[in-house]
Amino acid sequence: MDKPKFDIEKIPALREMWRESCKDKGYGLSSVLWIPYVEDGEDTGYDGGSNGHIRSRHFIKPRELKETTINTGYRQVKLRIKGKYKNMLVQRIIYQCFNGDLTDEDVIDHWDDCKTNNIPDNLRKEDHYTNNPDNKKKRIAGMSKLEVLKKKSELREKRLEQEYGDPAPF
């Protein structure tokens with residue numbers, strides 16, 4: 001059975017729609033936006049979700065893929081692309097779906113330092129030098145300590161809301 005094709009020209013519009021919906025209503029369990037994962041200009045049949053998970057469109061009804069945690073604490077999935085299986089980090093797929101292409105040298109950093117929180121707002125592209133824990137002060141250059149703590153707190157609240165449905169009562 002042929003996998004469903006997606007018009008990759010629509011992806012920038014989907015990204016913009018996602019950004020606007022985040023401003024309006026934030027995250028919720030019912031508001032997951034799925035954007036196709038494109039590799040080498042071709043639709044792979046997989047989608048990255050605004051909930052930080054990956055799903056496959058290779059079945060009659062799309063379904064989320066099982067993620068495994070590797071020894072470094074990051075999440076990975078096994079994808080079949082062009083007949084070959086690849087183990088890929090979930091954070092890289094989600095970042096590419098929502099923000100564009102990455103090179104092999106690019107590193108994805110988690111704002112809240114939680115390696116399993118792969119929602120798009122929590123991910124940012126870094127280089128190896130600034131992502132190194134020894135250079136953490138340089139990573140947050142230009143931001144006050146209070147701004148960094150506020151950003152981490154916001155991301156934790158989003159993750160908790162996503163996992164448990166309601167925002168924390170306190």
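The values are calculated or read from the model by the stated rules, or taken from the named source; none is laboratory data. Source: prediction; values computed, not measured. Reconstructed Cβ throughout: ideal geometry from the backbone, glycine too, with neighbour counts over all protein chains shown. We work out accessible area using only protein heavy atoms, side chains counted, and drop any ligands, DNA or RNA first. Shrake-Rupley method; radii C 1.70, N 1.55, O 1.52, S 1.80 Å.
Quick notes on this one:
- Picking from residues in the stretch 89-102 that are open to solvent by 10 Å² or more (accessible area, probe 1.4 Å) and of a type in the set (A, V, I, L, M), the one that is modelled with the lowest pLDDT is L102.
- Residues of the stretch 50-69 classified as surrounded by fewer than 15 Cβ atoms within 10 Å (Cβ to Cβ) and touching a residue at least 40 places away in the same chain (Cβ under 8 Å), total: 1
- Number of the condition not met by K10 [criteria: (1) at pLDDT below 85; (2) farther than 22 Å from R156 by Cα; (3) not in a helix (DSSP H, G or I)]: (3)
- Condition met for E126 (at pLDDT 75 or above, open to solvent by 70 Å² or more (accessible area, probe 1.4 Å) and of a type in the set (D, E)): no
- Within the stretch 70-88, being hydroxyl-bearing (S, T, Y) and loosely packed, with under 12 Cβ neighbours inside 10 Å holds for T72, Y85.
To keep it simple, each residue is scored yes or no on (1) among the polar types (S, T, N, Q); (2) over 23 Å from K152 (Cβ atoms); (3) more than 12 Å from the chain's Cα centre (by Cα).
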residue	(1), (2), (3)
L33	no, yes, no
G52	no, no, no
E64	no, yes, yes
G73	no, no, yes
V77	no, yes, yes
D101	no, yes, yes
N118	yes, no, no
